[in-house]
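Structure first, then comments.
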There are 2 protein chains.
Amino acid sequence: MKTVILIGAMGKMGQAALTGLGNHKVITASRSGKDVDYKVDITDEGSIRNLYEQVGHFDAVVNTVGQCEYANFTEMTEAQWMSTVMSKMMGQINLVRIGQDFIAESGSFTLISGILNVKPIPYAIADATTSGAIDTFVKCVAYEMPKKLRINVVNPTVLVEAWDVYGEMMPGFEPVQGTLVGKAFERSVDGFLTGEVIYVDA
Amino acid sequence: MKTVILIGAMGKMGQAALTGLGNHKVITASRSGKDVDYKVDITDEGSIRNLYEQVGHFDAVVNTVGQCEYANFTEMTEAQWMSTVMSKMMGQINLVRIGQDFIAESGSFTLISGILNVKPIPYAIADATTSGAIDTFVKCVAYEMPKKLRINVVNPTVLVEAWDVYGEMMPGFEPVQGTLVGKAFERSVDGFLTGEVIYVDA
């Protein structure tokens with residue numbers, strides 16, 4: 001049994017990840033702090049550091065959050081770009097950058113991207129671009145992780161559980177069950193994979 | 001003959017691009033402004049806007065710059081990450097975001113990434129990550145460019161002309177002649193390609 005920090009635990013993706021973490025002690029965190037063990041804002045370095053210090057010993061970090069702004073490229077502002085970059089991209093990189101000092105030897109990080117970087121749709125350019133950055137980051141940084149740490153990213157399509165929210169903007173996409181995405185997180189946390197983009201698509 | 005703005009014209013990559021732009025009127029720009037037509041800092045929105053306003057009519061933008069910080073991931077600071085993100089990634093996105101209003105109909109943008117996102121080496125994690133972001137950005141944004149604009153990115157390996165600087169950190173890489181990279185820029189500016197990552201590797 002590992003101690004796993006699950007960030008965004010109450011969200012739909014967090015709940016999906018949770019279905020794959022049944023063998024572990026899961027410590028939950030989210031931005032609001034509501035109904036979870038800890039509050040954390042991944043865009044704030046101090047908040048990340050505070051989370052890790054409070055938890056103490058842990059073997060894995062599973063992140064399921066990254067705020068993205070959605071707009072046509074012609075209309076997307078610098079501020080919208082930057083809020084996406086600082087959350088979905090730099091927020092996740094900072095979870096790893098800061099976390100490498102706190103996590104146990106042979107631990108793992110599992111990040112989240114999203115299928116829109118390989119299946120583009122309108123309004124999602126900032127989401128796609130930062131997903132591309134995270135997928136690349138994971139593939140490249142795996143070679144230089146210290147302490148025998150592993151790192152992977154789950155790149156899922158839309159969830160069945162979120163289809164009512166996103167379905168209208170994703171014609172021709174087939175949603176997948178959250179439990180299938182949970183298995184991707186399980187493969188990352190429990191397996192020996194590293195440097196992998198684990199696609200979950202239908 | 002098109003009017004092409006070449007950013008980073010005096011650098012080794014700029015000189016390589018220039019070899020492919022012989023059929024065009026080339027307007028040169030760089031951060032220092034030395035020996036070029038205009039001064040521009042791609043990390044500064046006002047400076048980008050100023051460049052486009054001063055040039056007036058143009059059909060293509062070719063960017064060959066993006067400052068990256070090089071360090072091991074374990075040692076790279078938030079400041080080093082952000083200076084790379086704001087130049088190589090957001091600087092280039094802003095060249096397109098702001099430029100779409102100024103560039104002539106049916107014009108083109110050609111950005112620069114670099115082969116280290118598909119051939120990782122030590123010290124280059126920020127370079128690789130932002131190259132991955134730009135390659136993804138170009139592939140996805142091409143579908144929504146206004147005014148029949150095209151966009152591509154040249155993703156080259158190291159140049160023969162820069163081998164004395166970078167060769168030592170790139171064992172097992174085969175450098176390519178700048179003129180070959182120039183042809184990639186030529187294919188982007190003169191062809192009908194859009195949404196392409198034009199690799200130049202050996």
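Every residue in region B:26-64 that is of a type outside the set (Lys, Arg) and within 14 Å of chain A (Cβ to nearest Cβ), please.
Once the filter is applied, which keeps residues that are of a type outside the set (Lys, Arg) and within 14 Å of chain A (Cβ to nearest Cβ), region B:26-64 yields B:42, B:43, B:44, B:45, B:46, B:47, B:48.
It is to be established whether one or more residues within region B:173-187 are within 21 Å of residue B:2 (Cα to Cα), more than 14 Å from chain A (Cβ to nearest Cβ) and touching a Pro at 6+ places or on another chain (Cβ under 8 Å).
Yes, region B:173-187 has at least one match.
Which one is farthest from residue B:160 (Cα to Cα), of the residues in region B:9-38 that are touching a residue at least 60 places away in the same chain (Cβ under 8 Å) and within 13 Å of the chain's Cα centre (by Cα)?
Looking at the filtered set, the residue picked out is B:18.
Please go through region A:168-186 and pick out each residue that is within 21 Å of residue A:88 (Cβ to Cβ), over 17 Å from the mean Cα position of the chain (by Cα) and assigned to a helix (DSSP H, G or I).
Selection gives A:169 alone.
Name the one entry in B:121, B:198, B:134, B:112 that is out of contact with any strand residue (DSSP E or B) (no Cβ under 6 Å at 6 or more places or on another chain) and not small (Gly, Ala, Ser).
Among B:121, B:198, B:134, B:112, only B:121 is out of contact with any strand residue (DSSP E or B) (no Cβ under 6 Å at 6 or more places or on another chain) and not small (Gly, Ala, Ser).
Among what's in region B:101-118 and is in a loop (DSSP other than H, G, I, E, B) and touching a Lys or Arg at 6+ places or on another chain (Cβ under 7 Å), pick the residue that is nearest to the other protein chains (Cβ to nearest Cβ).
B:105
Mind checking which residues of region A:69-97 are more than 13 Å from the chain's Cα centre (by Cα), aliphatic (A, V, I, L, M) and buried (at least 18 other Cβ atoms within 10 Å of the Cβ)?
A:76, A:85, A:86
Please pick out the residue among B:165, B:189, B:154 that is outside any strand (DSSP E or B) and crowded, with 21+ Cβ neighbours inside 10 Å.
B:189
Give region B:14-36 a look and list any residue that's touching a strand residue (DSSP E or B) at 6+ places or on another chain (Cβ under 6 Å) and basic (Lys, Arg), or say none.
B:25
What's the total number of residues in region A:119-160 that are more than 25 Å from residue B:74 (Cβ to Cβ), of a type in the set (A, V, I, L, M) and more than 7 Å from every other protein chain (Cβ to nearest Cβ)?
Residues flagged as more than 25 Å from residue B:74 (Cβ to Cβ), of a type in the set (A, V, I, L, M) and more than 7 Å from every other protein chain (Cβ to nearest Cβ) within region A:119-160 amount to 6.
Before we move on, is residue B:98 in contact with a helix residue (DSSP H, G or I) (Cβ under 7 Å, 6 or more places away or on another chain), part of a helix (DSSP H, G or I) and under 14 Å from residue B:66 (Cα atoms)?
So residue B:98 does not fit the description; no.
Going residue by residue through region A:140-151, is there one that turns out to be touching a strand residue (DSSP E or B) at 6+ places or on another chain (Cβ under 7 Å), under 18 Å from residue A:65 (Cα atoms) and either modelled with pLDDT of 95 or more or loosely packed, with under 15 Cβ neighbours inside 10 Å (or both)?
Yes, that holds for at least one residue.
The values are calculated or read from the model by the stated rules, or taken from the named source; none is laboratory data. Keep in mind it's a predicted model, so treat the numbers as computed, not measured. FYI the Cβ positions are ideal-geometry reconstructions off the backbone, even for glycines, and counts take in every protein chain you see.
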